[in-house]
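Structure first, then comments.
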Amino acid sequence: MKIDEVERGSITIFKIQEEVLHKRGGEELREAVELFVASGRKNLILDLKEVSFVDGCGLGEIVRAYTTVVRRGEGADLKLLKINRKLYEVLEITKLTKVFSIFDNENEAVASFEEGDVISNYDCEGSCPVCRIGEVDNHRCSRCEVEFCPDCYGIANKIKSENVLPCTCKKKEDRDAETLF
C-alpha cells in the first residue's frame, strides 16, 4: 500500500493511495502510524479519499491507529478525511462516529486541531455540494432542496449524498423532538 505523507505545520496527513484497505494494507498503515508516533508527532489526519472499500481488518487498523495516536497524551488526535458513504455507514452502525472526527474538507480538518473538536461538513455558503448547481441560502439548496444542519452542517433531511455526511449532532435530535409537539 502506498501512503503519501504530507506535513501541514504540526499536522501530518496520511493520504492512503489504495482502493482497498484490508489486512495487508492495514499492516502497512499500522507500521506507518507506529513510525509517526515514535517520531514524537501527535496530530494525524487519515485521508481516505482513494479508498473505496474497507474490510473488517482495515477497519480494525483504523481503530488501532486512533488508539495508538491518542495514547500519546494530551492534545494527540487522529481525524478522518474524505471517507466514502459506505465507510461512514459502517462507522455509524458501530457508533464510531462518536469517536472519530470526520471531515470532508482538508483545511477544516487541519484547522480543527487548533479550534477544538468541531465537525464541519460544509460551510453553507455558495453552490450546493450535493447537486453542485443550486445555491445554498438559509441552510437549504434552491435546486435539490437538501437542508443542512445549522449546527454541524451535515445533511439534515433524508436526502443522501456522497459529498456531504448526514447530520449526527445532538442538536438535531433536540430539533426533531421539538417538531413532534
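All of the numbers you see were taken from the coordinates with simple rules; none came from a lab. Bear in mind the structure is a predicted one, so any value in this text is a computation, not a measurement. Don't worry about glycine lacking a Cβ; one is built from the backbone with ideal geometry, like all the others, and counts go over all protein chains shown.
Once Rg and the Kirkwood radius are both taken over the C-alpha atoms of segment 31-102, their ratio Rg/Rh works out to 0.96. Extending 7 Å from the Cα toward the beta-carbon at both residue 86 and residue 10 defines two label points whose distance is 3.8 nm.
Among residues other than residue 35 whose Cβ falls under 12 Å from its Cβ, what is the net charge (Lys/Arg +1, Asp/Glu -1)? It would help to have the intermediate numbers written out before the result.
Values: positive: 30, 41; negative: 5, 28, 31, 34.
Net local charge, residue 35 excluded: -2.
Note on residue 105 and residue 137: the model spin-label points, each 7 Å out from Cα along the C-beta direction, lie 2.1 nm apart.
Please find the FRET efficiency linking residue 57 to residue 35, where r is the Cβ-Cβ separation and R0 is fixed at 22 Å, and quote it to the nearest 0.05. That pair, residue 57 with residue 35, gives E of 0.65.
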